[in-house]
Structure formats: structure tokens, C-alpha cells
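Notes follow once the structure below has been shown.
The values are calculated or read from the model by the stated rules, or taken from the named source; none is laboratory data. Quick caveat: nothing in here was measured; it's all calculated off a predicted structure. Neighbour counts are summed over all protein chains in view; Cβ atoms, including those assigned to glycine, are modelled from backbone coordinates with ideal geometry. SASA here: full protein model, heavy atoms, side chains in, ligands and nucleic acids out. Shrake-Rupley method; radii C 1.70, N 1.55, O 1.52, S 1.80 Å.
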Amino acid sequence: MSQFANYIDGQWVEGASASRNVNPSNLDDIIGEFAQADADQTQRAISAARRAFAQWSMSTPQQRFDLLDQVGSSILARKAELGRLLAREEGKTLPEAIGEVGRAGQIFKFFAGEALRIGGETVPSVRPGMTVEVTREPLGVIGLITPWNFPIAIPAWKIAPALAYGNTVVIKPADLVPASTWELVRIIAEAGAPAGVINLVMGRGAVVGEALVSSPDVDAVSFTGSVSTGRAIGAKCFASGKKFQLEMGGKNPMVVLDDADLDVAVEACINGAFYSTGQRCTASSRLIVTEGIYDRFIDAMKVRMRALKVGDALDAGTHIGPVVDDKQLQQDERYIAIAREEGGTVFGGERIERGTRGYFLSPALVTDTTPAMRINREEVFGPVASVIKVKDYNEALSVANDTEFGLSAGICTTSLKYSSHFRRHVQAGMVMVNAATAGVDYHVPFGGRKGSSYGPREQGSYAREFYTVVKTAYVSPGAV
Ligand code: NAD
């Protein structure tokens, strides 16, 4: 079986132990044994990043452009192969996985350009003879902690800006899906990143993640994952004076108004709720539907859902791959049971047998729900959407905002009045009109409000707010 080592200070090094990466479409398909770092090894990676920072932070924008541009080209050239690996380890369908890899490649291309565009400002001082210069500098060593649902795109959208702005990196991918990040780090190493600029330490959150968060040698932590882990990490970072950024869960509303184009609304809801097995922080998990279109909408959703093929992520024609692992499958089933107990009516949501041992679940639509039910308050993170019937737009908006989360929100309507009002008044970081709540561009800011996010936005040129620190210099020519 293939063995995959950690990458520390420009060397591939065995871990303290190893863990198996298993294909959720076929539990008999083992992707490989991946090294598990311990706290000492993590500290060695941090020290290597600290040493490398001295030079990398002084590298030219051209050097950083060249590295990132090369990484982007290599990812794009290997899109099909890396997509296959990603689909095997995470379970999203092959087209979705290839799309994610393509996005990772584009992110590196974008941030290659950002390395050149960093800029600064010169401002006349209010004092005679003085000039003020505002510039940005890298932060230092950045610890990156990523979740399992986007095994290459999320590492890419953290590593690329970190390196573009002159920081060095220690990344800990999710324990469940280390293979895509491992390949990404190999690509960065082979593209010529100096030793210590990028370090990979695989392993458990409580060991490797904890070592990153608690090390005084890490200057900042960028985390994506669940609310509970994120808040605990944030508290530790705050206590030790680290800069931190948290991207967490969602309970994203999709409003469907009476005047919506039914086909557009159903397509947006099927995509947003069930594609990528519903395992997206931006998934449309609450469908809020006005009463005039409600019956037609539910009927049309059921017809579309019956036509969705759940199966092996690599099979042509599969619309929905497996749930990522047994623990997540149990969580999905538990929420379906809770919804039933609280009075919901469930369509779908059953385990499915396929030719291989895998975690297959049919998509579930829960009707007859109220905003107070747990299915409408807590993140399920599976192919499970609930429906709330409302009287009109005003009630829809109020239900949409009745959540502790605020990542993405959508509305399906042909009314300019309602779409404009919704864009302004929904409490979310991202708003979609007549489009799924999931599926975003790579060159614009990504992030949420309320309990979903903390700190500056990721992606696009806004990423510099997190990955740089501003310096204000006052310059006087002195006596002439
Ligand atoms: P998780 O919180 O369980 O784990 C995320 C990462 O944190 C993993 O690498 C894990 O090993 C690590 N970790 C766990 N305990 C830790 C600790 N004590 N110290 C340091 N690190 C620790 O999340 P998950 O199950 O991997 O991912 C699913 C969650 O991610 C969902 O809530 C989803 O909404 C969220 N998510 C958010 C976004 C976003 O951008 N907002 C994107 C994707 C996923």
C-alpha cells in the first residue's frame, strides 16, 4: 500500500504513526496510509517555517508570482487525475471533483497576480515637510486548518494568498481526506518552493491542530470547519495574541416566492441542497416557500429527486456521491429521525445498497416543518433539506434571518423589488438571486456573518486583509 509522508523543511518525513484513507464509495478501496504527526513533529514544521520566513518575506513579487503561477499550471494540467483522487477520497462526483481541482488551479493563478498587485499608498501628511507611506507586510508563520469537504480548494484558497503575500505556511488538512492536500503540497514543493516555506503535517485535530494553535511561534491561524471547533480555536488564538480567521457552518435559506420561475427554483434548490451530497457549508438547507407556489414546488422537487442517481462518485451518470463516512451518515440519519419526531414529513432519506460497500443515502426533503424545529436550526451537513411554508415575502425574509448563521442566502423570484430588498436585508455574507446558495467565483470575497464567520473575508483581493499587516511610515527629509 502507498505510504504518504509529512513534508517538513523541504523533506518528506515519516509520521509518529499512520492512518488509512478509505474511499466512501467503496470501503474496500484504500487510497493509502498517511503519516500522522505528533506535537513534536508539528513544532519542527513550525520552526522550519519560522526560519524560512526570513528569506521568503523578502522575496520579490516576481519570485512569488513565478512559484504560484507554476503551481496553478501544474494543478490545471493534472485536473482529471487529481479530480479522480479527490472523488475517491471525499465522495463528490467526478465532474464536481474535477471542477474543484480546476478552481484550485485558478486560485493559484489569481494570487500569482496578486503578488504583483500588492501596492501601497503615499499620503501627504498634515504636518509640513512630512510624507506618510502606508504599506503591507507579511504576517509571519501561518497555521492553516482545513475541513474534509473541499480537500483541495480550501487548502488552495488559504495557501495561495499566504504565500503570495510573503508568509510561510504549516498546513494541517482534515484527517479524513489528506490525499488531495498531499498532492497539492507536492506540486508546490516541485515548483521550487524553498525549504520551510510550505510544510504539511497530517494528523488529528486534537494533536496536530492543537499544537499549531498553541505554539507561540505561529503568528496567525486560518481555520475552516465546524462552529464548535472554530470557537474553541478562536478563544485559544485570542488568549495567545494570534490573529485568526474562522469560516464555519451554515443553515442557508433559499426563498422561493410565488412569482418565481418554477423550473429555475427547482433547479437551484436541487443543486444547492443535494449536489456534493449536501456537504457544503453553503448548501441550501432551509427552503422557505410562499403558499401560492408551495404545492407545485413540492411536487416538482419530488419528481426531480426521484430522477437523481445516487452512487459511486466515479461512475458516469452519478448525480450524488456517498456521504463522507459512517459518522456523518449517522448524523444525517439522526437529524432525519429528529425531524420526524418533531412532526416533519420525510420524503427520501434512506440508505441505499449499491454494488460496493459505501455510505449511500438518498436525498431527503422534510416538509411540515416550523422555524423552531431542530432541523431548521442546526447544521446537518448532508443531503437533507427542510421546507418551511410561509405566507408572503415579509414572512420569508424574517424566517430566512431567524438563524444564528449567516453564510449564504438565496431567493428565486422574477420581481426586481423583492430581489433588491432581499439582497439588502438578508443577513448573509453572500446572496444569490435565481441561483443555488452554493457555487461561488474564485476572484471575489467569500465568507459570512453572525455565527458563520469571524475575521476578514477569504479569497479575492480581500484576502490580503488577513494575510498582511499594515505599516504606516512617516518620512521627513530632515534638515537640508
Ligand atoms: P471540524 O471542525 O470537525 O474540523 C475542521 C478541522 O479542524 C479539521 O482539520 C480537524 O482535524 C481540525 N480540528 C478538530 N479539532 C481541533 C482542535 N481541537 N484543534 C485544532 N484543530 C482541530 O469540521 P469538519 O467536520 O472537517 O468540516 C465540516 C464543517 O466545516 C461544517 O460545519 C461546514 O459548514 C464547515 N465548513 C465551512 C466552510 C466555510 O467556508 N464557512 C467551508 C467548508 C466547510
* Asked: Would you pick out the residues in segment 279-325 that are out of contact with any strand residue (DSSP E or B) (no Cβ under 9 Å at 6 or more places or on another chain), among the acidic types (Asp, Glu) and in a helix (DSSP H, G or I)?
  -> 295, 299
* **Verdict on residue 439 being of a type in the set (Gly, Ala, Ser), more than 17 Å from residue 288 (Cβ to Cβ) and under 15 Å from the mean Cα position of the chain (by Cα)** => yes
* Asked: Do the conditions hold for residue 405, that is, is it crowded, with 24+ Cβ neighbours inside 10 Å, on the phi > 0 side of the Ramachandran plot and not assigned by TED's automatic domain parsing to the domain that holds residue 93?
  -> no
* To do: Count, please, the residues in segment 152-179 that happen to be open to solvent by less than 10 Å² (accessible area, probe 1.4 Å) and more than 16 Å from residue 201 (Cβ to Cβ).
  => 11
* Just name the residue that is surrounded by the most Cβ atoms within 10 Å (Cβ to Cβ) out of those in segment 214-273 that are more than 8 Å from the ligand (Cβ to nearest atom), of a type in the set (S, T, N, Q) and under 16 Å from the mean Cα position of the chain (by Cα). => 252
* To do: Within segment 1-55, count every residue that is under 27 Å from residue 214 (Cβ atoms), open to solvent by 20 Å² or more (accessible area, probe 1.4 Å) and among the hydrophobic types (A, V, I, L, M, F, W, C).
  => 8
* Asked: Restricting to segment 335-362, what's the tally of residues that are free of Cβ contacts under 8 Å to residues at least 24 places away in the same chain and crowded, with 18+ Cβ neighbours inside 10 Å?
  -> 1
* Structure fact -> Taking segment 445-465 and keeping residues assigned to a helix (DSSP H, G or I) and closer than 20 Å to residue 106 by Cβ leaves 460, 461, 462, 463, 464
* To do: Only residues that are touching a residue at least 24 places away in the same chain (Cβ under 8 Å), of a type outside the set (Ser, Thr, Tyr) and either in contact with a strand residue (DSSP E or B) (Cβ under 6 Å, 6 or more places away or on another chain) or part of a helix (DSSP H, G or I) (or both): list them for segment 408-428, please.
  => 409, 410, 411, 412, 421, 422, 425, 426, 428
